[in-house]
Amino acid sequence: MLLLIMLKNQFYSITLIFAVIIFLTACQPNPYRQTNKSYKKQAKAYGKVISQKSLQDTAGYIIPVKWVGTTNFNMRKPNLVVIHHTAQNSCDQTLKTFTLSRTSVSAHYVICENGTVHHMLNDYLRAWHGGVGKWGNITDVNSMSIGIEIDNDGFEKFTERQMISLELLLTQLKKAYNIPQANFIGHADIAPTRKNDPNVNFDWKRIAEKGFGNWYSDTTNLQTPIDFKPLMALKMIGYDIKDSTAAIITFKRKFLQNEDRKSLTNSDEKVLYATWMEAMK
């Protein structure tokens with residue numbers, strides 16, 4: 001009987017603690033209350049535009065048109081994931097940056113140092129995270145991608161909690177939108193002349209082994225063909241090779257964690273060839 005009473009008291013104590021935590025959390029002011037309100041307002045405005053029968057005012061038709069509504073359509077389907085580092089000092093600083101209209105930058109998700117994931121924009125909407133960039137034949141990356149920002153100043157290592165949260169998020173996105181393995185890339189991949197994120201410490205091999213992005217197989221006994229053209233291989237993987245040096249540096253940073261040399265050694269070419277072979281499968 002005494003044991004039963006003790007267990008009941010313990011249960012009530014735990015229940016009380018959780019109740020207090022919930023109460024205190026609910027009472028805390030939300031610093032993003034106004035920006036959340038603004039988000040809802042903008043989303044509602046876009047919904048109103050989409051529901052209109054004709055977009056004559058925005059499309060600027062110069063001839064009369066007749067509206068016939070089709071029954072076959074859906075929302076934008078993201079087919080590419082671009083991973084960034086924030087290059088800022090804290091997660092809070094990044095959240096503030098993405099909630100100020102004057103910055104004109106945003107992302108769908110932000111992953112904090114402790115692994116907390118902030119969802120900032122509906123996946124079906126277009127975020128402003130890629131800027132001017134190109135991947136393969138894609139020249140408007142923002143229109144078909146999801147942007148993920150990882151809290152990192154651009155030089156430090158990524159925490160284990162961040163990597164675990166990222167892997168879980170990527171798993172969810174890949175399943176939800178049937179995104180191909182090759183379509184998980186970095187910001188530097190689409191903009192090699194101006195971006196280097198995620199930085200050289202990011203473990204691409206780790207996430208590739210879990211199905212997010214391509215990686216190369218063992219190159220120990222690999223021989224590259226005599227007619228192998230490295231720049232063409234980079235282009236076929238997806239890189240913009242207008243600035244060949246920038247493309248090479250970006251490739252080496254990602255696949256070799258080496259950004260010191262601006263040219264490819266024989267060993268580097270083997271890695272490039274193996275990566276190209278994986279991408280062509």
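Condition check ((1) over 16 Å from the mean Cα position of the chain (by Cα); (2) of a type in the set (Asp, Glu); (3) more than 30 Å from GLN181 (Cα to Cα); (4) at pLDDT 85 or above) across all residues:
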| site | (1), (2), (3), (4) |
| --- | --- |
| LYS53 | yes, no, yes, no |
| THR58 | yes, no, yes, no |
| PHE73 | yes, no, no, no |
| LEU80 | no, no, no, yes |
| GLN88 | yes, no, no, yes |
| THR103 | yes, no, yes, yes |
| ALA107 | no, no, no, yes |
| ILE111 | no, no, no, yes |
Sole exception among (1) touching a Leu at 6+ places or on another chain (Cβ under 8 Å); (2) aromatic (Phe, Trp, Tyr); (3) at pLDDT below 95 for TYR124, by number: (1)
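Could we say that PRO230 is at pLDDT 95 or above and over 20 Å from ILE138 (Cβ atoms) here? Working first, answer last.
Details: at pLDDT 95 or above: yes; over 20 Å from ILE138 (Cβ atoms): yes.
So PRO230 fits the description; yes.
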Candidates ASP268, ASP189, ASP240, filtered to the one that is surrounded by 21 or more Cβ atoms within 10 Å (Cβ to Cβ) and either at pLDDT below 95 or outside the structural domain of ASP123 (by TED's automatic domain parsing) (or both): ASP240
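Any residue in the range 130-142 that is under 18 Å from SER104 (Cβ atoms), part of a helix (DSSP H, G or I), at pLDDT 95 or above and not assigned by TED's automatic domain parsing to the domain that holds ARG253?
We begin by selecting, within the range 130-142, every residue under 18 Å from SER104 (Cβ atoms); these are 130-133, 140-142.
With the extra rule that they be part of a helix (DSSP H, G or I), the set shrinks to 141-142.
After this cut, where a residue has to be at pLDDT 95 or above as well, the list is 141-142.
Narrowing further to those that are not assigned by TED's automatic domain parsing to the domain that holds ARG253: 141-142.
Checked against the condition, which is being under 18 Å from SER104 (Cβ atoms), part of a helix (DSSP H, G or I), at pLDDT 95 or above and not assigned by TED's automatic domain parsing to the domain that holds ARG253, the range 130-142 yields at least one hit.
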Matching residues, the range 89-131, being β-branched (Val, Ile, Thr), under 17 Å from ASN36 (Cβ atoms) and either surrounded by 18 or more Cβ atoms within 10 Å (Cβ to Cβ) or touching a residue at least 60 places away in the same chain (Cβ under 8 Å) (or both): THR94, THR99, VAL110
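Test PHE73 against the criterion of being farther than 21 Å from ARG33 by Cα, of a type outside the set (Val, Ile, Thr) and without any contact (Cβ under 8 Å) to a residue 60 or more places away in the chain, and give yes or no.
Values: farther than 21 Å from ARG33 by Cα: yes; of a type outside the set (Val, Ile, Thr): yes; without any contact (Cβ under 8 Å) to a residue 60 or more places away in the chain: yes.
Here the answer is yes, as PHE73 does meet what is asked.
Taking ILE138, is it in contact (Cβ under 8 Å) with a residue 12 or more places away in the chain and touching a Pro at 6+ places or on another chain (Cβ under 8 Å)?
no
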Subset of the range 209-224 [free of Cβ contacts under 8 Å to residues at least 12 places away in the same chain and either in contact with a Phe, Trp or Tyr (Cβ under 8 Å, 6 or more places away or on another chain) or surrounded by 14 or more Cβ atoms within 10 Å (Cβ to Cβ) (or both)]: GLU209
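For THR250, indicate whether it is touching a residue at least 12 places away in the same chain (Cβ under 8 Å), under 19 Å from VAL81 (Cβ atoms), out of contact with any strand residue (DSSP E or B) (no Cβ under 6 Å at 6 or more places or on another chain) and not assigned by TED's automatic domain parsing to the domain that holds ILE111. Outline the logic, then answer.
Working: touching a residue at least 12 places away in the same chain (Cβ under 8 Å): yes; under 19 Å from VAL81 (Cβ atoms): yes; out of contact with any strand residue (DSSP E or B) (no Cβ under 6 Å at 6 or more places or on another chain): yes; not assigned by TED's automatic domain parsing to the domain that holds ILE111: yes.
Taking the combined requirement at face value, the residue satisfies it.
The values are calculated or read from the model by the stated rules, or taken from the named source; none is laboratory data. These numbers come from a predicted model, not from an experiment. All Cβ positions, even for glycine, are placed from backbone atoms using ideal geometry, and neighbour counts span all protein chains on display.
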